[in-house]
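Contents: one structure, followed by commentary.
The values are calculated or read from the model by the stated rules, or taken from the named source; none is laboratory data. The shown structure was predicted, so the numbers you read here are calculated from the model rather than taken from an experiment. Backbone-built Cβ (ideal geometry, glycine too); neighbour counts: all protein chains shown. Heads up: the accessible areas ignore ligands, DNA and RNA and are worked out on the full protein's heavy atoms, side chains in. Shrake-Rupley method; radii C 1.70, N 1.55, O 1.52, S 1.80 Å.
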Amino acid sequence: MKKNNKKFETNAVRSGTERSQFGEHSEGLFLTSSFVFKNAQEAARRFSGDDPGYVYSRFTNPSVNMFEERLAALEGAEQCIATSSGMSAILATFMALCKPGDHVIVSKSIFGTSVQLFNNFLSKWGLDITFVNLSDLASWKNSIKKNTKLFFVETPSNPLTEIVDISKLAELAKFAKAKLIVDNCFCTPALQLPLKLGADIIIHSATKYLDGQGRCLGGAVLGKRNVMSEIFTFLRNTGVSLSPFNAWIFLKGLETLKIRMEQQSSNALALALYLEKNKNISKVYYPGLKSHSQYSIAKKQQSLGGAVLSFSLKGGKKEAWSLINKTRMLSITANLGDTKSTITHPATTTHSRLTQAERDESGISDSLIRIAVGLENVNDIITDLKL
Ligand SMILES: *Cc1c(COP(=O)(O)O)cnc(C)c1O
């Protein structure tokens with residue numbers, strides 16, 4: 001990233017732009033697998049890395065590079081590496097930075113597929129994994145081993161919006177000589193800057209709010225140059241690369257990221273306040289509510305509450321399914337990060353692979369509903385819920 005003193009909004013629309021000889025105003029879409037060289041000498045210099053120009057789109061492409069530079073500017077990172085999905089960003093990070101026998105500490109409250117990746121694959125390759133409660137700093141401390149390499153969290157978590165104090169966890173990671181990774185998917189850099197709070201690495205599923213309109217899959221890893229070099233080598237040798245087309249979509253998504261996150265957070269807060277007063281609802285989980293058990297930490301490290309909330313109804317699965325089935329506008333889908341609001345029943349969808357005991361332990365009750373609030377008028381969302 002070129003050092004710049006511009007503000008977030010400016011970087012979101014201007015940063016990283018690289019113009020071709022045609023002088024296009026909007027960023028170009030470079031759909032090409034390889035790049036041509038003026039002569040054999042230039043080809044050799046490109047391959048050796050002496051000439052930093054483009055070679056092959058598995059690891060270098062102008063559209064992808066523009067997205068990487070722009071996201072790096074927004075997160076305040078030295079370097080960004082874009083990947084084909086959020087999952088491949090996580091895979092690349094752990095494969096590149098760990099070896100068999102290394103130990104990592106992972107929050108229990110992470111994206112379901114991330115749990116599957118740890119339990120079914122990374123463990124098979126010899127990674128020693130300890131799962132702990134996200135906000136329980138004592139458990140993090142007690143789980144540290146001599147060979148602990150990485151800490152991994154999502155904050156706020158899905159769907160109960162639990163939060164960990166990133167600065168405090170970063171201190172613990174330092175103490176353990178481990179690196180703290182934050183999956184910043186729910187807040188995005190528009191609301192939370194984990195690197196500033198002491199985290200070492202940020203992971204994104206660009207599929208969610210960075211795109212913001214539910215079109216493409218993609219991911220990213222961000223951090224210091226010396227950490228990122230291993231991850232770049234992994235990408236170059238394995239091809240978990242982002243398509244230039246998707247990168248171009250995300251570039252455009254970043255331009256409106258802040259105003260979307262602000263408006264969607266404001267809609268989510270209005271909805272949360274409404275739900276909290278409703279007699280059919282027993283509890284609302286949203287970091288922007290004063291009743292949230294970690295409201296003060298949320299206030300300290302997030303500029304707004306984000307766009308995801310959940311709530312438990314009085315009753316059980318029958319009442320939850322009935323509420324979902326009565327909606328006419330909300331999209332019944334497990335995705336989030338879209339301008340269209342989505343509604344889901346975690347216990348029978350995103351968290352259905354957990355056992356009943358695991359769900360009970362993590363608070364995913366049968367009456368819990370998650371809404372990822374979009375850009376519709378919030379009064380229309382409230383009307384559609386027919387509560
Ligand atoms: C969706 C998601 C992922 C996975 O991203 P994909 O782009 O779907 O591979 C990882 N972490 C979080 C928090 C997510 O919401």
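If I fit a long axis through the Cα atoms of helix 86-97 and take the longest principal axis of the Cα atoms of the chain, what angle between them do I get, 0 to 90°, rounded to 10?
In the chain, helix 86-97 runs at an angle near 60 degrees to the longest axis.
So what J values fall out for the stretch 23-40 if you push phi through Karplus, 6.51 cos²θ - 1.76 cosθ + 1.60 with θ = phi - 60°, rounded to Hz, Gly and Pro as x?
Along the stretch 23-40, the couplings run x, 4, 7, 6, 4, x, 9, 9, 8, 8, 7, 10, 10, 9, 10, 5, 7, 5 Hz.
For Ile324 and Glu361, what does the FRET efficiency come to when R0 = 22 Å and r is the distance between their Cβ atoms, rounded to the nearest 0.05? Provide the component values of the computation, followed by the final result.
Working: r = 24 Å, r/R0 = 1.10.
Efficiency for this residue pair is about 0.35.
Each residue of the stretch 277-289 in turn: what ³J(HN,Hα) in whole Hz from Karplus with 6.51, -1.76, 1.60 and θ = phi - 60°, glycine and Pro shown as x?
8, 7, 6, 7, 10, 8, 7, 10, 10, 7, x, x, 8
At R0 = 41 Å, how high is the FRET efficiency between Leu31 and Arg225 if r is their beta carbon distance? Nearest 0.05 is fine.
Numbers: r = 28 Å, r/R0 = 0.69.
Using R0 = 41 Å, I get an efficiency of 0.90.
Roughly what angle does helix 257-276 make with the longest principal axis of the chain, taking Cα atoms, 0 to 90 degrees, to the nearest 10?
10
When you count, for each residue, the other Cβ atoms within 10 Å and take the mean per peptide, how do 98-106, 118-126 rank with the highest first?
Values: 98-106: 18.0, 118-126: 12.9.
Highest to lowest by the protection proxy: 98-106, 118-126.
What relative contact order, as a whole-number percentage, does the chain give when Cα pairs under 8 Å and 6 or more residues apart are counted? Could you put the intermediate results ahead of the total?
On the way: 758 pairs, mean separation 65.1, N = 387.
Once divided by the residue count of the chain, the mean separation gives 17 percent.
Taking the Cα atoms only, what angle lies between the long axis of helix 244-255 and the longest principal axis of the chain, rounded to 10 degrees?
Helix 244-255 sits roughly 60 degrees off the main axis of the chain.
If you take every DSSP beta bridge fully contained in the stretch 135-294, what fraction is antiparallel? Give it as a percent rounded to 5. Can you show the working numbers first?
Numbers: 5 of 13 bridges.
The antiparallel fraction comes to roughly 40 percent.
Looking only at the stretch 1-155, where both bridge partners belong to it, what percent of the DSSP beta bridges are antiparallel (to the nearest 5)? Walk me through the numbers before you get to the answer.
Numbers: 1 of 10 bridges.
So the antiparallel bridges amount to about 10 percent of the total.
Could you give me D for the chain, from Stokes-Einstein at 20 °C and 1.002 mPa s, where the hydrodynamic radius is the Kirkwood radius over C-alpha pairs? Units µm² s⁻¹, please.
Roughly 99 µm²/s, to the nearest whole number.
Could you work out the helix-only [θ] at 222 nm for the chain, with each DSSP H run of four or more residues adding -39,500 (n - 2.57) and the total divided by the number of residues, to the nearest 500 deg cm²/dmol? Display every interim value, and only then the final one.
On the way: 15 runs with 146 residues, N = 387.
Computed mean residue ellipticity for the chain: -11000 deg cm²/dmol.
For labels at Glu9 and Phe47 in the simple 7 Å Cα→Cβ model, what's the distance in nm?
4.9
Just list whichever of Lys124/Lys145; Lys279/Lys317; Lys318/Lys340; Lys124/Lys317; Lys179/Lys283; Lys252/Lys326 have alpha carbons separated by over 28 Å in the model shown. Please list the in-between numbers first.
Working: Lys124/Lys145 20 Å; Lys279/Lys317 18 Å; Lys318/Lys340 25 Å; Lys124/Lys317 35 Å; Lys179/Lys283 35 Å; Lys252/Lys326 35 Å.
Those over the limit are Lys124/Lys317; Lys179/Lys283; Lys252/Lys326.
Too long at a 18 Å Cα-Cα cut-off: which of Lys314/Lys386; Lys141/Lys300; Lys99/Lys146? Intermediate values should be presented prior to the final figure.
Numbers: Lys314/Lys386 15 Å; Lys141/Lys300 22 Å; Lys99/Lys146 14 Å.
Long pairs (Cα-Cα over 18 Å): Lys141/Lys300.
Residue by residue through the stretch 107-117, which ³J(HN,Hα) values in whole Hz follow from phi under the Karplus form 6.51 cos²θ - 1.76 cosθ + 1.60 (θ = phi - 60°), with glycine and proline marked x?
Coupling constants for the stretch 107-117: 5, 5, 8, 10, 3, x, 5, 5, 4, 4, 4 Hz.
Write down the percent of antiparallel bridges among all DSSP beta bridges whose residues are both part of the chain, to the nearest 5.
Working: 23 of 42 bridges.
Percent antiparallel among DSSP bridges in the chain is about 55.
Calculate what fraction, in whole %, of the accessible area of the chain sits on carbon and sulfur atoms when a 1.4 Å probe is rolled over the protein chains.
Working: 9430 of 17350 Å².
Exposed carbon and sulfur together represent 54 percent of the surface.
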